[in-house]
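Where a number appears in this text, it was derived from the coordinates with a stated rule and is not lab data. Just so we're clear, the structure is a prediction, and the values are computed from it rather than from any experiment. A quick note on method: Cβ atoms are made from the backbone with ideal geometry, for glycine too, and the neighbour counts reach across all protein chains shown.
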Amino acid sequence: MSTTNTSGRRKTAIARAYVADGSGAVIINSKDYKVYFPTLPLQYIVTQSLEVADAAGKFDIKVNVKGGGIKGQAEAVRLAIAKALVEIDPEVKPSLRAKELLTRDSRMVERKKYGRRKARRKFQFSKR
């Protein structure tokens, strides 16, 4: 089997995943995923799509991720891995879809507007 290349995005984080047959190593930005994402909830997010598809330990996954914060990066990696698993085996699509792991969360930070302090927050009004 050749390498499958997919991408996942969340907020401003972009992840590119390269999935190939292997022993189950997950490497993110040249580090093990447990080193790159030190907390257990983030590690769970990264491996969630592998567990739902019963593919843990079957594939070697190498991910390049940049932009955004640590949680957005973890969710971008999860989406990229889920899309790669569907490309490899279309049979897992219904189970991943049921857990909403194939849905791109399109919520982004609203841009700042001129004449305002933030996107919607106005400057403080002084009556006197």
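Things worth noting here:
- Electrostatic tally near Gln48: other residues with Cβ closer than 9 Å to its Cβ, Lys and Arg +1, Asp and Glu -1, net +1.
- If you take all other residues with their beta carbon under 15 Å from the beta carbon of Val92, and give Lys and Arg +1 and Asp and Glu -1, the sum is 0.
- Charge tally in the Cβ shell below 13 Å around Thr3, where Lys, Arg are +1 and Asp, Glu are -1, Thr3 excluded: -1
- Per-residue ³J(HN,Hα) for segment 29-42, Karplus 6.51 cos²θ - 1.76 cosθ + 1.60, θ = phi - 60°, Hz, x for Gly and Pro: 6, 6, 10, 5, 5, 6, 7, 5, 10, x, 8, 5, x, 5
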